[in-house]
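The values are calculated or read from the model by the stated rules, or taken from the named source; none is laboratory data. The structure displayed is predicted, hence computed values, not measured ones. FYI the Cβ positions are ideal-geometry reconstructions off the backbone, even for glycines, and counts take in every protein chain you see. In case anyone asks, the SASA skips ligands and DNA or RNA and just uses the protein heavy atoms, side chains included. Shrake-Rupley method; radii C 1.70, N 1.55, O 1.52, S 1.80 Å.
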Amino acid sequence: QVQLVESGGGLVQTGGSLRLSCAASGRTFSSYAMGWFRRTPGKEREFVARITSSGDSTYYADSVKGRFTISRDNAKNTVYLQMNSLKAEDTAVYYCAAVRSGVLTTISQMYHYWGRGTQVTVSS
């Protein structure tokens, strides 16, 4: 069982940066792969990035590749999403999610645990 809490969202101008954090309370955090997803009202949940349980491999959606970086610190039970060169279309609620370490997927329905999300708003 893993409980996830996102933080770091806010309002930023186009071209700016934000760093999101996702803190996990479960004692087996290091055994889970982690993903970031985002959702805008009226749209389906969209894959953003994922990282393996050890942090040795990452994968990104084409829409954020080169601008976003996912990382994790297993000693702190935390996963991060560094977002640079933000665009208006990045505006969304961002969620972190956990999945079994042996599963590498971009499909939201396959993730076991979810946070409540944090709002990111990019102006103009």
Rh (Kirkwood; distinct C-alpha pairs) - the chain, Å: 14.2 Å
For region 42-124, with all protein chains present and a 1.4 Å probe, just round the carbon and sulfur fraction of the accessible area to a whole percent. 45 percent
Within region 41-119, list the GluC sites (Glu not before Pro) lying in a DSSP loop whose Cβ has at most 16 other Cβ atoms in a 10 Å radius. E44
Within region 21-124, trypsin sites (Lys or Arg not before Pro) in DSSP loop having at most 11 other beta-carbon neighbours inside 10 Å: R27, K43, K65, R116
